[in-house]
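Report on the structure given below.
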Amino acid sequence: MNDKTKKDYIQDPSFCPICGSNDISAGKSFPDLTSLFQEVECLYCHATWNDIYTLTDMEIVCVPDLPELQVIRDLKKVAEKHGYKLIKL
């Protein structure tokens, strides 16, 4: 596979980078800390490869307004003020 084919595939991952067929199927995904690997197979030529997804951004969708969270924040501030650190149990 040449660099142009790879670049074209990354822009539009809807074809086999080996034979050009659109008859591809995504399989299992395998995450690690900062990326996700997904198996892909061409159903025409039977080539297989991994699509690699990396975390590029995030957005907060919802911040719950729970009284318990404010209590934890307040306790954390008081603990840090006195040189202590809260830990999860």
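A Stokes-Einstein calculation at 25 °C with viscosity 0.890 mPa s, built on the Kirkwood radius of the chain over Cα pairs, returns a diffusion coefficient of 142 µm²/s. Helix 67-81: angle to the longest alpha-carbon principal axis of the chain, degrees 0 to 90, nearest 10? Between helix and principal axis, roughly 70 degrees.
With the cut-off at 1.5 for a/c, could you classify the stretch 3-54 from its C-alpha gyration tensor as rounded, prolate or oblate? It comes out oblate by the Cα gyration axes.
Tell me which trypsin sites (Lys or Arg not before Pro) from the chain have a DSSP coil assignment and no more than 11 other beta carbons within 10 Å of their own.
Lys85, Lys88
Pairs of lysines in the chain whose Cα atoms sit within less than 18 Å of one another amount to 4, provided the residues are eight or more positions apart or on different chains.
Every number in this text was worked out from the coordinates using simple rules, so none of it is lab data. Worth saying up front: this structure is predicted, and the values here are computed from it rather than measured. Please note: Cβ atoms are built from the backbone with ideal geometry, for glycine as well, and neighbour counts cover all protein chains shown.
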